[in-house]
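Laboratory data are not the source of any read-out in this text; all were calculated from the coordinates shown. A quick note: this is a predicted structure, and the numbers were derived from the prediction, not measured.
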Amino acid sequence: MATCTKCKNKAGYFELNQGLCRACVAENNSSREAVLNGLSLRPDPAIAENTRIEGELAAIILTTETATALPISDRIEIITAECVLGMNIFNDFGSAIRDVIGCRNETYQAKLREARKTVLDDLRREAHAIGADAVVAIDLDYSEISGGGKSMLFLVASGTAVRLATTAAPAS
């Protein structure tokens, strides 16, 4: 049996989604949706500002340079985001056992997923800070840093921050 990382309830391995049970996933989705829709339980200017920024951060993120419906007017600059995640000794020990018996390593998979989400979010924030509308030609480079009894996962995301051409509304 697996355990939900949020509520600590027992669940089957195939019932978990990124370490969360179905109830916690639904709760997270409804909470995120409420914040994004400005339906926060407590009126707070910081939450409203975060909601506005979150909407702007939902910029287009592409691994290709072009898209048929993406009118790029200006390439601003190359931007990067980095993430280094340490694995503790217990995770390393469990990983070594899984390596020997040949099964999936959910601990490393979760760490890689967390690193990917972190760098893409950081890339969005970097693009927003310089006034970009989108980031194109994104490349994700994964590495492992190990030695001296330590093991760390390293991920770098890079892409080109661009401004999109504004299309004029047709005259009525």
Show the residues, 5+ positions off or on another chain, whose built amide H is closer than 5 Å to the amide H of residue 65. 137
Need the list of lysines near residue 117 for cross-linking: C-alpha distance under 21 angstrom, and skip anything on the same chain fewer than eight residues off. 6
What are the ³J(HN,Hα) couplings of the range 69-77, residue after residue, when phi is run through the Karplus curve with 6.51, -1.76, 1.60 and θ = phi - 60°? Round to Hz, x for glycine and proline. 9, 10, x, 6, 9, 8, 8, 7, 5
Tell me which residues come under 5 Å, amide H to amide H, from residue 11 once H is placed; ignore anything under 5 positions away on its chain. 2, 3, 4
